[in-house]
Every structure is written in structure tokens, then in C-alpha cells.
Amino acid sequence: MRPFLYDRAASTESAPRAFDGLKEASLIQGRAPAEYLAGGTTLLDLMKLDVMQPARVVDITPLEPQHGSIAISDAGLRLGALVKMSTAADHPAVIKTYPVLAQSLTLAASAQLRNMATLGGNLLQRTRCNYFRDTSWSACNKRNPGSGCAALDGLNRQHAILGASQDCIATYPGDFAQALMALDATLDIAGPSGSRTIPIATLHKPPGSTPHIETTLAPGELITALSIPAGPWTRRSLYLKIRDRQSYEFALASAAIALHLDGDTVKDVRIALGGVASVPWRARDAEASLIGKPLNEATATAAARMAFVGSAPRTHNAYKVTLGQKTVVRALLQAATLEG
Amino acid sequence: MVDAAAPAPKANMGDPVPRYDARAKVTGSALYASDVALPDVAYAFLLSSAIAKGRIKSFDLREARALPGVLDILTHENIGEAIRKVKFFTEGGPASNSILPLGSAEIAYGGQTIAVVLANTYEVARDAAHRVKVDYEVDRPTATFESPGAVDQELATQNKKHDDPKVGDFAAAYATAPVKIDVAYSTPAQHHNPIELFATQCGWNGSQLTVHEPSQNVYGLKNGLATQLGIEPSQVRVVSPFIGGAFGSKGALTQRTALVAIAARKLGRPVKLVPTREQGFTVATYRAETKHRIKLGATRDGKLQALSHDGFEVTSRPDPYAVAGTDASTRMYACPNITSNVTIVRADRSTPGFMRAPAETPYFFALESAMDELAVALAMDPVELRRLNDTMKEPIKSLPYTSRTLMPCFDQASEAFGWSKRNPQPGSMRDGDWLIGWGCATSAYPTQMAPATARVSLFPDGTARVEAASHEIGNGIYTVAGQTAAERLGVPVGKVQVLMGDTDLPPAPVSGGSISTASVCSAVAQACDAIRAKLGDNGTGAVPTVDLVATLKERGLGSVQEYAEWMPHGAAKGGMQMLYKGAAQPIGGAKLPDRIQFAFGAQFVEVRVHARTREIRVPRIVGAFASGRIMNTRTAHSQYMGGMIWGIGSALHEKTEIDANAARYVNTNLADYLVPVNADVVDVQVIMVPEEDTLVNPLGIKGIGEIGIVGTSAAIANAIYHATGQRLRDLPLRIDSLVEAA
Ligand SMILES: Cc1cc2nc3c(=O)[nH]c(=O)nc-3n(C[C@H](O)[C@H](O)[C@H](O)COP(=O)(O)OP(=O)(O)OC[C@H]3O[C@@H](n4cnc5c(N)ncnc54)[C@H](O)[C@@H]3O)c2cc1C
Ligand code: SF4
């Protein structure tokens, strides 16, 4: 690990100022040469591996009193960005009213990690592509822009079939973001030039020709809260995660589903996919295909097929086309059996 | 309450005495190699090659050296002639590969150690290593089977000791067999990944070197290192009282030890190395990927007429490592016509090495899957197929098994499992959305031993001491050696002190090949019997006929101490001297001229495969094993169960991914190299079937450390076939292939 300056954030307003002196400094690996530290379960790993080399680390855990609580109201759910994954996952009201959120967290990582990691940090976790995480591989456009992509013709069983580019096929590895996508969450962001609120769908950037730029956050911007609007679909929601082993593994394919049924007819449905795409992924065409129809094997299969139109498999991840579709079908049919 | 971890002993089984080292381990007072605090220690960090083939043109060490706290950086350019060559183990040497550490600019495999950074702290050493710039000349490497540049060689031409088992006329018998199968299987590269990393600490006191390193062969390490450093073995002491998992990975002399010793000599202070988890994939050895082609021919009623097993194994360019499991796989069942062949395939890879049941794990996946396929072809129950071909003589040379309790294992495990309720039709059993499949397979492991010594002392206060440089790799050797002495000397087990894992103690053989308990306990018993004889006990039973402590006191002696050298059946004459050099070879199994010695078992597995998404889970597994005398049902249970759990991982999860272009390992961490987690291990039942074998050794002990993993993967594959009708022949058995075909 390279030596770095360690700061503790005193307030939401002052935290971004730690980035001030560095504003002019060129972006290292697409990120500011300073990083916020929350639970550290992504950041410290990558610093030890020399993948991330921030000159300055700003510890935001002192801001927990401001950004560490959960509020639930008729309008929806508000989660502080510093809420621990385990706290949100175990919250009775979240489990009851927003099961897809609770499940996406419970099925992620391990108990130890969930006790450390925060919701804000979770959204910004970085890909598990092995070629990215090990600096001895010279070709990785995400780590070292312009160097190539070792995964394209290397091992890509874990990699994305949706939203990838010729420059990077890395998968967005997280689970929780899919649930937020399905529920149309928004993020509150504090930054050097004021605050703003953005839809979760605009947080992550597809790799395109700049895979090293992963989000739309400007240097110094701090996620402070996540808001999930209430809706008739939140209770009939679930997160289905498919993996090689029963626990403690990233998704091979996953689906976050939120469903609003009127009798047997689909009034509204949200389908977000994980494990298969370069960014948290909404399957909007698939959703549209179901509106006004009954949810059954045939309609679910047709929707699932639609969700994977345009998928671009490589040598080792072709199975994800089939697996992803089956995951969607299973998740949809399972959601239909839930109480609304 | 019944304690499943400490089953009540049945016939010919010892008490489930708690582990000798349990308290030390759970309280943290057991010091592992990296826990030992040496004064003024410096830290080493390895730099590993980023290419698999080529050479180092130059290093740029400037930035690394400039970091405050960096003491030195060893490379092939500056280490000089410090390290002498030792032999690879197939040539009778202790080395895990025959590449000289930092011996030249040549790169033979990805991850090869190319520099050692030395610094005042671990953090600085690691940071500096990241700042070393290496300019390589890169050659196109060969990754694995069928990669460009792979060279196939018949093992028999590369290893004079290998002889492909054959009998009768396979071709003719196979041609005319009414029922036959011809199938191919493969198994992946796998790494041991013991929890404890491959730590080494070295400190010099004048010309005396002390090495703290987890080792399955402290005498081998001592002697090999002395040769490498050009010093006398008496100048080297290796200390390794606890090993945090080894599974074969800590049995050989790896390149790192000499480098740390030299670094410590150069710096004039102790040096500590703890390679990272990633580096563990190339610092030590691994299980190489294998391929198999099996042909079985049988009569219509299921009698085997022809068996052919061809094995293919990847190895490195310099070393002809092979596990050659055909030695066992051709001898399991009665069959008059057998042929076999082993081919090694050279690639630009690190040299493989022993990993739990090295030969049997891959070769029995193939054999026991093929037996299941034959049972399907015969429309026969797979248990009955094994019963029909059970034999008390191995078929190659017609040598008798010293004991073989295979079918009682099948019967007891099948009964406990409920096999009789199985509907043989694939896809016929279901629980909601989950397809259920039941499968079974044979487990077997050669009973081997090696020369061993022990020193036992009895004191007038009723205590005793056992000294033998064996290795506590989790096998419970402290405990069973102490139990042996307690029983034979008539003292409580709590009064026996056991000292192990130190070359200042009398030598014990490598703790591999499941030989430790049989070898070491035999030596301990022999020393105890000498004490008994000295104190006037002429009995030959396990327990003394006179009160030895009382006699000792009566005679006014301060202590009685006996040292014993024990030689197993079939050991070469010079075996004891080889033991002192750390080079005693295990003998037994199918390698004896007059008989064959194996332990047997049977495993039954239930799998659940999701009808739609096809995840594979193993909710239930039952194994029954018969392995001669069981010294301690608690430690034995743990060994069997651990083997079976590893079998689940080996079947479903474990695979070292190799980049085909770079010939390098890719998933070198425990988030991506999957092993089972608790949630994957639901119900594991171990049944110990009593067996008495008076031939293998006087105590009647067979090895049990490895058999538990053998056959598990086949049982799981067979169960998946039963659940789905799909036959998976390539490990790991993954959702990828199931979901595509579903
Ligand atoms: C072995 C392992 C297995 C895992 N398995 C899973 C899994 O199955 N599913 C899954 O979803 N995740 C998994 N994870 C990832 C884990 O969930 C994330 O590492 C964790 O959620 C990150 O949160 P953190 O608070 O520790 O973030 P940190 O490591 O502290 O931060 C991560 C990044 O986000 C930035 N950051 C943090 N908080 C903020 C904020 N409020 N505003 C702006 N920037 C911020 C940091 O600067 C840093 O760049 C796994 C991780 C490991 C190590
Ligand atoms: S997929 Fe992306 S992260 Fe992985 S090697 Fe290619 S560029 Fe790097």
C-alpha cells in the first residue's frame, strides 16, 4: 500500500474540501487522487493490491450521526449512505415493505463484510474482474486506460453480456444497486459545488471507450442518502441471486423484481438484472412487454427473452444468456406468488 | 447428548480423547510459524513474475530502493552463487521443483519468484515490490493440454519407476464385450489454499540457522536447505510445532526458504516472509489438471471383462511430476483384461505436487463415474455392480488384499442413507422446484507407511514424554501418539507430554500419504514396549501387565527412556538412514511384491438441482469407511468428514482458472477460488466400519487422512445424472453446462 494522508471528515460541508488542493491534479485511474473511506471493504482491498493509489483518504465514518439512519414514511424509505449493509438488511420495516432491498443485502458478501460495509460504499464497489484486481496483468483499460483488455480473449466466465464494450466487459458485481434500480431510487449528493439529487439509474456509466470512468460523480461528491419512493410494487418484490455456492459469492446472474398486480394482470413491473451487465441494468423492454398481461410461464419467458436481446457473450460467459433468462422467469413467477 | 464429532468407539477403535493441542489452538497460545516473534526482524516481500515464459532483460530498482526503510532487493543479478542445486523429488530429492531460486534471468512459469524485497516493515517491503519495474522479453507460453507447444510424453519414458499396470488381452475382450462404455473425463487444476499462508522466518546465531516454517517434513527441509546453503545439516534447525493446514502443499522444499535464509545472513538479522494468498498459488505446488479416457466392457449380467484407463496429466517443463492413479484404479475390481497408460503433458507451468489423495482424487472421479455409467448401460443398481466385481485379490498380479471391507461399507452407508428408496429412473425424484438425485461411489486409499523413530520416557511421577519430529497438520498426531504411549505404559493420557515438529527431535517421515499415524504410533509403541521389557513386563498386549511406574520407583530410577526405530513391511534396507536425511519414501499400497494394502469406503450423496436455474446443492452425504484400527474416533471422524467436505468442493467449486494466452493463474484469491462455505455443507454423516487387519503393521492401522475425499466427486456427478439425466464429465460440475442443456 502506498502511503497516504488520512483525514477524518468533520462535516458534510467540509468533507469535499479535502479534495480542493487536489482539484488541479490529474485524474489517476479516472478517479480523484483522494477517496472517501466508508467501511473500507472495497477501498482498502484495492489499495493493498496497489490498484487504487489515493494520495489522500477522507474517512467519512464520523458523519454517521448525520447520514447513518433509516427513516420510513408513507412517501417511502430514506436510507443514510452510511447505514451499514447489515443494519438495513435486518430492519423489520425494510424486510416487510421493501423485501427486494433487504434480500439483495442479505444475499451479498458475508456477515462480517455486511457489518463493516455501508450502503454508499456498496453502490460504488468496483468490479471483481481478476485482470483489474491484479496489477501484474498489463492489459486492463479500466485500471490503465489504453492498455487493452485481458478479459476479452482471456477468462471471462464472470463477465458481462449486456452493456459491455470492446474496451471492457467487466461486470458490475453488486446486488443492492439492482434493487434500487427496480424501485427507482434517487440519491442525494453533496459536493463542492452544492447538493443535487439524481436517479440511481444515472449513477453508473457504461464502459464505452472510457471504462476507467465508472460513475457520474464529480471528484469530491459525497452520496449522503438514498430515497426509495413508496409504491404498490414494493411489497411484492424479491431479489433472486444465482451462484455456484450457497452463500458468499457474487452473482452469476440475479434479478430484482418489483411487481404490481391487478388480479392476475400486471399493472406495473420492474426488472433489474445483476451479474450479467456492466452496470446495474433495468430491462425496460421486458417490463413493457408484461404490462396489461397475466404473468405466466409464457409471458415471463417472452419477457426474459426480451431482456437479453442484444447480449454479447464471449468464450466463457455464453451460459449467462440462458441462465439470465431462466433467472428472470423464475424470479417473475415467484414474485407473482407473493402477497401484494 | 450424542456428540457427533466424538462417536462412541466400536470394535477395534480407540477413545475419542480430546485433541492434545485443542486448548492451545482455541486460546491462541499455539504459535504458528509467523506468530513467533524474532528480535529485530526484517521483512521480506516476494516479487513474482508477471510472465510465464521468457527472460528478465532488466530491473529498474531505483524507485523501490529509494523508499525509506528498504534494506535490500535480492535478484538473480546480485544473489551470486549462494544457492546450490538440490534434486526434485522424483529424483529422490526434497525440492518442489528443480528451478534454482533466483538462479537466472529465465522465467519458467508465471508467478516465479524473481526478486525479494527486504525492508524494516512489511508495508514498506510490499510497497517497494510494487515499485520495482521489470523489463521482460516475453516468449509465447504453453498453458495446458492442447495449447500450442504442449509436449506429450509417456510417463514410463520419463520416470523409470513407473510401470503401466496391464493384464490379459484388453483389446480382444473389449471388442467382444456385450455391454461397453467409452468415456472421457477431466479434472481442473486446484490449489490447496490452507488457511495458514506459506510463512518462513529465518534467524542465524553464528553459523547456526533456525527456520520457522510450517512443514510436513522438517527433516527434509533441514537437509535440503543445508545442501542448498552448502552447510552441514547439523547447522540447521527447523521448528514447526503447528501447521495451519497443508494438504500436501507444505511437504516439499520450496524456493522461498533458501532465499529467506540468505537474506537473513546478508542483513545480519532475522527475516520474516509471509507471502500473500495470491502468491501462495505459485510459491507452493498444486494439483494439476488431468484428463481421462476409460473403456469398460462387461457381460450382460455385469461382470467386468475389460478395463482400460488412460490418464493425462499436466506438468512443468523441467519436472516429470505425475500422480499416475492407474496404479489404484486398475486394481479396484475383479477384471481379467486390463490396460492403462499415463501421459504427461509439459507446459510452461509451475511444477505440480501432492494434494490430498493426489492420485485417487482425479482418477477415481473418472473410474467411479465410469462405473456408474456402466451400471446405467446395464440397467443395474450401481451398488450391486460393485458387489458383483468385488474382489479379495487385485487383478494385475493376483496379490491378496491384506483386508478389504468395501461391501460392508456400501451396505452400512446405503442403509443409513436410505438407498433402497431410490427410484433409478433419472429425473424421477423431485421436491417442489428441485430435482433430487442420489448417487454413490467407492472410496479407496493405499495403506502406506515409512520408517519412523520415537523416543519415549517414563518418569517416576507417573508422567511420560513422547518425542518424534512428526507434524501436526490437523491430523491429530499429537493426540494419537500420546494415546498410544498412555495405553502401552499404563498412564493417564493427560500425563503424557508429546513433542513434535522440531528437527532437534528424532525423525519422523513426511506427513503425507496418510502414513503418519501408522508409522509414528508404531515407533512409539515399539519404544514403549522396550520400556516395558526393561521394567520386567513381558506381555505383548496393548496394556502392560505390571505397574510400570511403581516398578520404576521401586528400582529408584530417575526415568526410563527408550528410542525406537521402526521399519514397515517392504521398506528398503537403507530406509532408516534415508529417514534421517528426510527422504524416507512411503511404501505400501499397490507397490509391494507380496500383497496389496488399501483402506476402503463408500459414499452416498443427495444432490438438489433447481429445475429451472440449475444450481447444484448437496444437502446430504453419508460416507462409511473401514481403515483398520481407528486410534481415536474423534480425530478420525474429523479427518473423514473434512475429506468428504473437500470432496464437495472439489466436485462443485474448486478450479484454478488458467489464462490460455498468458499461461497464468487468474482467480488467485479466496473470493474467486471457491471452496464450500458452511451453507454448502448441510448434513455430513460419517460411519466408521470396524475392521481388523493384523498384517499392515502390529497395531493394525491404515491411513485415514485422505480417503474421505476420494470418490466424493464421482458420487456427486452420479447423483446429478440421476437428478437430471445429464452426465457431467468435467470437474467442477457447474451450472454452466447444466443450464445450457436444460
Ligand atoms: C470477499 C468479498 C465478497 C463480496 N461479495 C459481495 C456480494 O456478494 N454482493 C455485493 O453486493 N457486494 C459484495 N462485496 C462488496 C461489498 O459489499 C463492498 O465492498 C461494500 O459494500 C463497500 O462498502 P464500504 O462501505 O466498505 O465501501 P468503501 O470501501 O469504504 O468505499 C468504496 C468506494 O466508495 C467510495 N465511497 C464510499 N462511501 C461513499 C459515499 N458516501 N459517497 C461517495 N463515495 C463513497 C469510496 O471512496 C470508495 O471508492 C464483497 C466484498 C468482498 C471483499
Ligand atoms: S474487462 Fe474491464 S476491468 Fe477487466 S481487464 Fe478488461 S478492461 Fe480491465
Problem - Residues of region A:309-323 buried by at least 20 Å² on assembly (accessible area, 1.4 Å probe, chain alone as reference) - result: A:Tyr319, A:Thr322, A:Leu323
Handout entry: Gap separating the Cα centres of region B:357-385 and region B:102-136, nearest whole Å
Key = 46 Å
Handout entry: Theoretical gain in end-to-end length, B:Ser398 to B:Arg55 [0.36 nm per residue, Cα-Cα removed]
Key = 118.3 nm
Completion exercise
Quick calc: nm separation of the 7 Å Cα→Cβ label points for A:Ser209 and A:Asn144 -> 2.2 nm
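Just from its helices, what would the mean residue ellipticity at 222 nm be for chain A, if runs of 4 or more DSSP H residues each count -39500 (n - 2.57) and the sum is divided by every residue, rounded to the nearest 500 deg cm²/dmol?
-6500 deg cm²/dmol
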Handout entry: Test item: B:664-672 mean partner chain Cβ contacts at 10 Å
Key = 6
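With a 1.4 Å probe and all protein chains kept in place, how do B:Glu106, B:Glu706 rank by accessible area, largest first?
B:Glu106, B:Glu706
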Handout entry: Positions from region B:603-620 whose accessible area shrinks by 50 Å² or more when the full protein complex is built, not the chain alone, probe 1.4 Å
Key = B:Arg612, B:Thr613, B:Arg617
Handout entry: Mean separation of Cα contacts under 8 Å, 6 or more apart, over the residue count of chain B: relative contact order %
Key = 17 percent
Problem - Share of carbon and sulfur in the accessible heavy-atom surface of chain B [1.4 Å probe, %] - result: 52 percent
Completion exercise
When chain A is treated as a Gaussian network with springs between alpha carbons less than 10 Å apart, the largest mean-square fluctuation among A:Gly263, A:Gly68, A:Gly121 is found at A:Gly263
Problem - Cα centroid separation, region B:518-577 to region B:451-472 (Å) - result: 10 Å
Completion exercise
Here region B:220-233 yields Karplus 3J(HN,Hα) values (6.51, -1.76, 1.60; θ = phi - 60°; whole Hz; Gly and Pro given as x) of x, 5, 4, 5, x, 5, 4, 4, 4, 8, x, 10, 6, x
Problem - Average other protein chain Cβ within 10 Å of Cβ, residues A:245-253 - result: 6
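In region A:237-336, carbon and sulfur make up what percent of the accessible area (probe 1.4 Å)?
On the way: 1710 of 3340 Å².
Solvent-exposed carbon and sulfur of region A:237-336 make up 51 percent of the total.
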Problem - Delta accessible area of at least 30 Å² on complex formation, residues of region B:113-145, 1.4 Å probe, chain isolated as reference - result: B:Arg126, B:Asp127, B:His130, B:Arg131
Exercise for the section: Please work out how much length the chain gains when fully extended from B:Arg555 to B:Glu740, using 0.36 nm per residue of separation minus the C-alpha to C-alpha distance, in nm with one decimal. Expected result: 58.7 nm
Handout entry: Residues of region A:303-340 with amide N under 18 Å of the 7 Å Cα→Cβ point at A:Asp268
Key = A:335-336, A:338-340
Completion exercise
Here region B:34-47 yields Karplus 3J(HN,Hα) values (6.51, -1.76, 1.60; θ = phi - 60°; whole Hz; Gly and Pro given as x) of 7, 7, 5, 8, 8, x, 6, 6, 9, 10, 10, 10, 7, 9
Exercise for the section: Work out the length of the dipole vector of chain B about its Cα centre, built from +1 on the beta-carbon of each Lys and Arg and -1 on the beta-carbon of each Asp and Glu, and round it to the nearest 20 debye. Expected result: 580 debye
Problem - the protein assembly as shown - charge dipole about Cα centre, Lys and Arg +1 at Cβ, Asp and Glu -1, debye rounded to 20 - result: 440 debye
Practice task
Would you calculate the volume per residue, in Å³, of the smallest convex hull containing every Cα atom of region A:65-208?
Solution key: 145 Å³
Handout entry: Rounded, prolate or oblate (a/c below 1.5 giving rounded, otherwise prolate when a/b exceeds b/c) for chain B by Cα gyration tensor
Key = oblate
Fill in the blank from the handout: Taking chain B and counting helices only, DSSP H stretches of n ≥ 4 at -39,500 (n - 2.57) each over all residues, the nearest-500 ellipticity at 222 nm comes to -7500 deg cm²/dmol
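Could you report region A:237-336's accessible area per residue, 1.4 Å probe, as an integer in Å²?
Per-residue value: 33 Å².
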Problem - Accessible surface buried once A binds B (1.4 Å probe; total of both sides; Å²) - result: 3300 Å²
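If exposed GluC sites (Glu not before Pro) are those in a DSSP loop with at most 13 other Cβ within 10 Å, what is the longest stretch of chain A that has none?
A:25-338
Averaged per residue, what accessible surface does chain B expose to a 1.4 Å probe, in Å²?
34 Å²
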Practice task
Return the sequence-ordered ³J(HN,Hα) values of region A:56-69 in whole Hz as given by the Karplus equation 6.51 cos²θ - 1.76 cosθ + 1.60 applied to θ = phi - 60°, using x for Gly and Pro.
Solution key: 9, 10, 10, 6, 9, 4, x, 8, 4, x, 7, 10, x, 10
Practice task
Determine the distance separating the Cα centre of region A:134-186 from the Cα centre of region B:151-167; give it in Å without decimals.
Solution key: 45 Å
Exercise for the section: Name the shape class, rounded, prolate or oblate, that the alpha-carbon gyration tensor gives for chain A, where a ≥ b ≥ c are the square roots of its eigenvalues, rounded holds for a/c under 1.5, and otherwise prolate holds if a/b is larger than b/c and oblate otherwise. Expected result: oblate
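The values are calculated or read from the model by the stated rules, or taken from the named source; none is laboratory data. Owing to the predicted nature of the structure, the values given are computational and were not obtained by experimental measurement. All Cβ positions, glycine included, derive from the backbone under ideal geometry; neighbour counts span all protein chains shown. Heavy atoms of the whole protein, side chains included, go into the accessibility calculation; ligands, DNA and RNA do not. Shrake-Rupley method; radii C 1.70, N 1.55, O 1.52, S 1.80 Å.
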